[in-house]
Structure formats: structure tokens, C-alpha cells
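As C-alpha cells, the structure follows; a few thoughts come after it.
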Amino acid sequence: MATVTPPAVSGPSAAPAPAPAAAPVETIDGFQLVIEALKLNGLDTIYGLPGIPITDLTRRAQADGLRVLAFRHEQNAGYAASIAGFLTQKPGICLTVSAPGFLNGLNALAHATTNCFPMILISGSSEREIVDLQQGDYEEMDQLAVAKPVCKAAFRVLHAEDIGVGIARAIRSAVSGRPGGVYLDLPAKLFAQSVEAVAGRASLIKVVDPAPRQVPAADAIRRAVDLLKGAKKPLIVLGKGAAYAQADADIKALVERTGIPYLPMSMAKGLLPDTHEQCASAARSFVLPAADVVLLIGARLNWLLSHGKGKTWGGKSSKDWGGQKFIQVDISPIEADSNVKIDAPVVGDIASCVSALLKEVNAGWTRPPAEWTGAVHDKKTANVAKMAETLAKDPQPMNFHSALNVVRDIVKANPDAMLVNEGANALDFTRSIVDMYKPRKRIDVGTWGIMGIGMGYCVAAAVETKQQVIAIEGDSAFGFSGMEVETICRYELPVCIVVMNNNGVYKGTDKDPTGRDPAPTVFVKGARYDRIAEAFGGVGVNATTPAELRRAMEEAIRSRRPTLINAVIDETAGTESGRITSLNPSAAKKK
Ligand code: ADP
Ligand code: TZD
Ligand code: MG
């Protein structure tokens with residue numbers, strides 16, 4: 001700790017009076033200011049990976065009571081931070097070293113921005129003077145410039161006295177309006193700077209009202225409800241924005257009060273239980289083209305909803321409008337009309353918008369025609385019955401359906417468990433077979449359909465919710481973050497990973513026509529992923545039948561020990577790209 005002493009006094013006269021010993025002035029350094037700024041704002045968990053120049057930041061943060069989760073690769077720390085943001089409405093913090101560590105974390109920052117999750121990537125960086133003159137510093141890179149195109153906002157702090165402002169700006173940028181990823185660049189030199197402690201602490205900002213409510217206009221609400229009242233075949237689509245908003249009771253009340261069938265997007269499953277009588281998931285391909293007025297709540301009309309047009313929506317060709325009128329509730333004022341015409345945009349935060357819609361509906365409402373709700377119900381009942389037949393089969397070897405029938409039961413018996421899910425077939429089948437019962441329990445590949453979120457999401461889900469985590473992973477998907485099984489074991493997290501092992505990407509049956517190499521989609525046959533858990537003191541189980549899978553999952557949940565189950569799946573069972581085969585250019589050409 002530096003101290004400031006008064007200058008020595010000298011003079012011609014003999015024996016000057018000794019100067020009074022000045023009290024040392026206490027100082028505070030950049031490391032400490034960053035830690036205190038985070039704590040002041042309730043940001044108490046860091047997902048990261050140490051190294052120059054942030055090693056001491058991780059140590060001192062831990063010593064100061066923050067939870068520091070150290071990963072084996074920054075990408076996984078970043079995904080953990082991104083989903084922590086989704087689950088908590090506070091920016092998830094990812095901490096990385098310069099250039100390569102920063103780039104490893106950047107994928108997750110872009111993912112957070114794309115998915116509208118609040119996250120802050122804090123990265124150490126090398127010496128500005130050297131970086132800017134491109135003189136070849138250790139891990140030299142102009143990180144701020146690189147981050148900007150993929151994040152919502154990017155800031156750099158050069159002086160310790162600006163740390164408070166830098167972190168405040170990062171927090172506001174991440175959580176206000178449409179949430180997203182923010183980059184905060186902290187050069188190595190900043191951490192060692194010292195300032196006078198009282199002034200330093202006074203420069204920190206506790207952000208007041210970081211995500212202000214945005215109340216929708218009364219006429220926008222009336223326009224929306226009038227349109228809905230005139231509908232013969234209304235439909236509600238709930239997206240992950242609705243899940244993020246944590247307006248669960250009002251959303252449920254709006255759905256139930258209106259009596260309108262609803263369709264949850266993947267991460268909105270469980271906002272109302274999937275077994276709800278108004279849930280139209282099992283009649284998706286019936287309700288989308290048939291609906292006449294669609295109320296979107298926190299869901300974009302992007303590729304996941306076929307851009308609101310085309311055959312999915314009853315359009316004549318792949319580009320034609322299906323004739324639906326849309327109401328869109330979203331916090332972003334420029335989201336409306338991005339793909340098709342939005343007749344009634346409702347701009348505001350979902351909690352405020354849904355509460356306003358609910359009040360307007362309560363003032364007078366007639367439920368949709370029984371002809372429509374009855375048709376949806378019949379279609380759904382028929383499809384559910386068909387699925388039940390498939391699920392009841394017990395083929396040898398086990399296939400996706402017979403394995404997921406077990407997962408479906410386990411999740412039903414443990415509705416508070418978090419479900420992490422990635423893969424192609426492993427994703428699509430899980431989404432349609434495994435019902436969710438509570439909000440924000442299902443977290444998956446999101447807007448990009450990205451592989452690699454798996455183990456990072458598991459760590460954050462366990463840390464942030466303290467609940468049991470169940471991960472259903474394609475064998476390819478798992479490989480992107482598999483080394484974090486060590487992280488899960490190290491922190492003794494209650495995570496049960498099920499690798500749906502069909503020997504490859506989509507299937508394990510492809511062959512190299514020349515006979516030289518394995519096909520690009522195929523892995524080592526009969527791989528034993530369960531042994532990875534054993535390497536780190538976790539539980540590994542090889543399951544070849546639904547009964548073995550059930551026993552292993554039940555035991556994992558009972559013991560809360562890190563468990564990896566290698567579920568051996570028929571290698572012929574999957575389809576190319578799962579449900580999105582049609583997006584493959586080569587597959588399209590074959591038609
Ligand atoms: P899904 O993939 O589930 O369809 P999207 O990610 O496409 O969902 O859409 C989420 C939408 O929710 C985004 O357009 C985003 O602006 C919006 N959103 C996120 N949080 C809120 C909120 N608190 N209030 C209003 N809209 C929100
Ligand atoms: N890389 C990244 C980061 N994201 C991707 N989505 C892909 C590659 C392409 N991809 C998919 O879209 S799904 C998938 C890949 C590689 C893996 C599918 O194989 P799996 O699942 O084993 O995980 P199934 O059950 O065998 O279909
Ligand atoms: Mg596979």
C-alpha cells in the first residue's frame with residue numbers, strides 16, 4: 001500500500017522542530033475498485049478463466065466474497081454468464097485474459113446479444129501505447145474495436161477513477177431496453193493504479209433503476225385488444241422475452257382470461273405448464289396457418305417462426321403472407337415490421353404491457369369461438385395420442401423416443417430441475433417430447449441454434465438456481481464443451497448429463513465414399529462418454545436400455561452428484577439436421 005509523506009523541511013537555522021508525523025493516506029487500487037463496483041451493484045458471481053493481467057482480480061474477488069467460477073475454456077464461461085443474465089435479469093459477468101482469451105469469450109458475447117440476454121464481458125488487455133502503435137505487445141489486440149460489431153455497447157476504462165462510471169455504463173447498457181452483451185475493456189495498467197481510497201470509493205456508482213419500466217401507450221393497448229376481440233381464430237405466441245421478463249402470473253392470467261390457445265417458443269416452455277389445456281404445441285402445424293390474429297409476446301418473427309410468412313403460415317409459396325394480422329409486444333420499437341406487417345405494435349416492457357393488456361381484457365371479453373378452440377383441442381389430442389404410442393415402444397437398440405420417454409417422466413417428477421438441451425435430433429425430440437412445468441426451466445441453443453452452450457449453461461444453472469440440472473446432449477453437441485465436466489466435478493454441482501450417443505452428427509451411419517477416412521459426420525463408434533466423469537471423480541454410467549437410463553437418472557437426482565450417462569442410441573435413428581433439414585442447401589437441391 002502506498003503512503004504519502006510530507007516533504008522534508010530543511011533550513012539554515014539549527015535544530016528545526018521535527019515535522020508532525022502525517023497519517024499515511026490510505027489508497028485503493030484498480031483491482032479493488034473493480035471488485036467493489038461489482039459488489040456495490042449486486043454482481044456477486046464471476047464466470048472466467050485466469051491469466052495475465054486478471055489473475056489477481058480472480059484471487060482478490062474470491063477473497064472478497066465473490067463467487068468465482070473458473071472454467072477450462074473462456075467460451076464456456078461466457079455461455080454461463082449469458083444464461084446467468086437470462087435467469088436473473090442481472091448482467092452475467094464473464095472475465096477473460098487479453099486477445100486469445102477475449103476472442104474465446106467473444107462468441108458468447110455475440111450469442112448474448114443475439115438472444116437478448118444481459119451480459120458483460122470484462123477482458124484484460126495489453127498496453128494501449130504498444131497496441132495502438134502495433135509494436136507487438138504480449139497478446140496484442142485492439143479488443144474494443146473487435147468487440148463493437150457483435151455487442152450492444154463497448155467501453156474502455158483507462159483511469160482508476162473512471163472504473164465506477166465504466167461499470168455503471170456497462171450495467172445500464174446490458175439490462176435496459178432490449179438486453180444484450182456489453183464489452184468492458186480493462187487494460188493491464190489500470191489494475192495497478194492507485195487513488196486515494198475515500199475519493200476512489202466515492203467514485204463508484206450504485207446504479208439506480210438499471211432497467212426502467214417502459215409503460216406502453218394506452219392507445220396501443222386498445223388497438224391491440226380491439227384487434228384481438230375481432231379475431232375468429234386468435235393465437236398467442238410466447239417467446240423467451242416473455243420468460244425473461246418474469247411476469248409469470250400476469251402472463252398466465254392473460255392466457256387463461258382470454259381463453260386463446262398459445263404456443264410457447266422453446267425457452268418459453270413452462271411459462272404455463274406444457275400440459276395446460278390451452279397449450280397448442282402439439283398442434284403447431286395446424287394453428288400457425290389457421291390463425292387469423294396472432295399476439296406475439298417477446299418473440300421475434302425470425303427464422304424460428306418462418307419470418308411470419310410462407311407455407312408454415314398458410315401462404316401459397318415460401319415467401320407469401322398467410323393473411324394473419326399480428327400484434328407484437330416487444331421492448332424494441334424497431335422490431336415491428338421487420339419481416340411482415342405488424343398491425344398493432346405494443347412497445348414497452350413485457351410486465352407493463354401484459355398488465356395493461358390484462359386490465360383492458362378484464363373490462364370486457366368474449367372467449368374465442370368454440371369452433372376454433374375445439375378444433376385446436378381435437379388436433380392436439382390426436383397428435384398426443386399418436387406420440388404416446390411411439391413413446392410406449394421399447395425398441396432394441398434404444399432410440400431417441402424410448403430414451404426421452406424416461407427423461408419426460410424424470411422431469412415431470414422433478415419440475416424444479418433445470419433442463420439444458422442441445423444437439424440436432426437430441427434437441428428437437430427433447431423439445432417436443434419433454435414437457436416443462438415451470439417458467440425458465442428450459443435453456444437451450446437459442447436464436448442461433450448454437451452448439452456448445454451445454455456445460456457452461458449447466459454450471460450457471462446450478463450456481464444461479466441451486467436446483468438439480470439435467471442436460472440432454474447430442475454427442476456432437478457435448479463435445480464442444482465436454483472438458484467442463486471437470487469444472488462441474490470440481491465445484492461438485494448437481495448436474496446429470498445425458499449424452500444421447502448415436503455415434504455422430506445427426507446419425508452415425510455415413511461413410512467416406514473413397515473409403516479413406518471416417519465420414520465428416522461420424523465419430524468413434526461405441527465411445528464411452530461416461531468415463532469422462534469418472535476421470536474427475538464424478539459418476540459415469542453406460543445405459544443401453546430405458547430401464548438403465550431411468551435408474552441412473554433417479555440415482556443422480558437422489559445423490560445430487562455430478563453424473564454423466566452415456567445413453568446408447570440407435571445410430572440410424574436421427575434425421576439430417578433434425579427438424580431443419582430444409583435449411584440445408586444440398587438437401588434443397590436434391591428435391
Ligand atoms: P424466441 O426465440 O423465444 O422466439 P426471441 O429471442 O426471438 O424469442 O425474442 C425475444 C424478444 O423479447 C426480443 O425481441 C426482445 O426485444 C424482447 N424482450 C426481451 N426482454 C424483454 C422485456 N423485458 N420486455 C419486452 N420485450 C423484451
Ligand atoms: N457449430 C456450431 C457452433 N453450431 C452449430 N449449430 C453447428 C456447428 C452445426 N450443427 C448443428 O446445427 S447440430 C450439430 C452441428 C454440428 C450437431 C448435431 O449432432 P448431435 O445431435 O450429436 O449433437 P444428434 O442427436 O446426433 O442429431
Ligand atoms: Mg449425435
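The values are calculated or read from the model by the stated rules, or taken from the named source; none is laboratory data. Values in this document were obtained by computation on a predicted structure and should not be read as measured data. Cβ atoms come from the backbone with ideal geometry, glycine included; neighbour counts cover every protein chain shown. Calculation scope for accessible area: heavy atoms of the full protein, side chains included, ligands and nucleic acids excluded. Shrake-Rupley method; radii C 1.70, N 1.55, O 1.52, S 1.80 Å.
A few points about this structure:
- The Cα-based radius of gyration and maximum Cα-Cα distance (Dmax) for the range 331-417 are 20.8, 57 Å.
- Accessible surface of the range 500-555, 1.4 Å probe, proportion on carbon and sulfur as whole %: 55
- When all alpha carbon pairs of the range 181-273 are counted in 10 Å bins from zero, the resulting P(r) reads 11, 27, 24, 12, 14, 10, 2 %.
- Rounded to the nearest Hz, the phi-derived 3J(HN,Hα) couplings of the range 521-528 under the Karplus curve 6.51 cos²θ - 1.76 cosθ + 1.60 (θ = phi - 60°) are 9, 10, 10, 3, 5, x, 4, 10, where x marks glycine and proline.
- Computed 3J(HN,Hα) for the range 43-54, one whole-Hz value per residue from the Karplus formula 6.51 cos²θ - 1.76 cosθ + 1.60 where θ = phi - 60°, is 9, 10, 9, 10, 9, x, 8, x, x, 5, x, 10, glycine and proline marked x.
- Pairs of lysine residues in the range 404-527 that meet both criteria, 8 or more places apart or on different chains and Cα atoms under 22 Å apart, total 7.
- Mean projection of the Cα convex hull over all viewing directions, computed for the range 510-565: 5.1 nm².
- Backbone amide hydrogens, once placed in the peptide plane, bring Arg442 within less than 5 Å of Leu419, excluding anything fewer than 5 places away on its chain.
- Computed Kirkwood radius, in angstrom, where 1/r is averaged over Cα pairs of the range 438-562: 15.5
- The distance separating the Cα centre of the range 33-55 from that of the range 523-562 comes to 34 Å.
- Relative contact order %, the chain, counting alpha carbon pairs below 8 Å whose residues are six or more apart: 11
- Selection from Ile54, Phe31, Phe71 lying farthest towards where the dipole of the range 9-161 points positive, charges on Cβ: Phe71
- Per-residue HN-Hα couplings for the range 329-336 [Karplus 6.51, -1.76, 1.60; θ = phi - 60°; Hz; x = Gly/Pro]: 9, 7, 7, 8, x, 9, 6, 4
- Debye log10 I(q)/I(0) for the range 276-388, one point scatterer per Cα, at q = 0.17, 0.20, 0.22 Å⁻¹: -0.97, -1.20, -1.29
- Trypsin sites (Lys or Arg not before Pro) within the range 330-412: DSSP coil, no more than 15 neighbouring Cβ in 10 Å: Lys341, Lys393
- Sorting the Cα pairs of the range 309-369 by distance into bins of 5 Å, from 0 upward, gives 4, 16, 17, 18, 18, 15, 9, 2, 0 percent per bin.
- Extension gain for Val198 to Gln214 (0.36 nm times residue separation, less C-alpha to C-alpha distance): 2.1 nm.
- When both the range 367-401 and the range 412-447 are represented by their alpha-carbon centers, they are found 18 Å apart.
- In this structure, the amide hydrogen of Lys233, modeled 1.01 Å from its nitrogen in the peptide plane, lies closer than 5 angstrom to those of Asp292, Val293, counting only residues at least 5 positions away or on a different chain.
- Charge dipole of the chain (Cα centre as origin; +1 on each Lys and Arg Cβ, -1 on each Asp and Glu Cβ, all else neutral): 2020 debye, rounded to the nearest 20.
- Accessible area per residue, Å², the range 212-301 with all protein chains present, probe 1.4 Å: 34
- In Å², nearest 10: area of Asp330 left accessible to a 1.4 Å probe: 20
- Classified by the C-alpha gyration tensor, the range 390-433 has an oblate form. Its axis ratio a/c, with a ≥ b ≥ c, is 1.5 or above, and a/b does not exceed b/c.
- Size of charge dipole - the range 346-463 - debye, nearest 20, with Cβ of Lys, Arg +1 and Asp, Glu -1, no other charges: 160
- Taking 0.36 nm per residue of separation and subtracting the Cα-Cα distance, full extension of the segment from Met387 to Gln135 would add 84.4 nm.
- Extents of the chain, largest first, come to 108, 64, 47 Å (Cα atoms, principal axes, whole angstrom).
- Probe 1.4 Å - accessible area at Asp349, Å² to nearest ten: 20
- Note on the range 112-169: dipole from Cβ charges, positive end direction compared against Cys151, Asn115, Gln135; the farthest Cα belongs to Asn115.
- Gyration tensor verdict on the range 333-484 (Cα atoms; rounded if a/c is under 1.5, prolate if a/b is larger than b/c, oblate otherwise): oblate
- Cα-based convex hull, the range 22-167, per residue volume (Å³, whole number): 120
- Spacing of the two label points (7 Å from each Cα toward its C-beta) at Lys359 and Asn302, in nm: 3.2
- Amide proton proximity set for Gly322, modelled H, under 5 Å, gap of 5+: Gly310, Gly315
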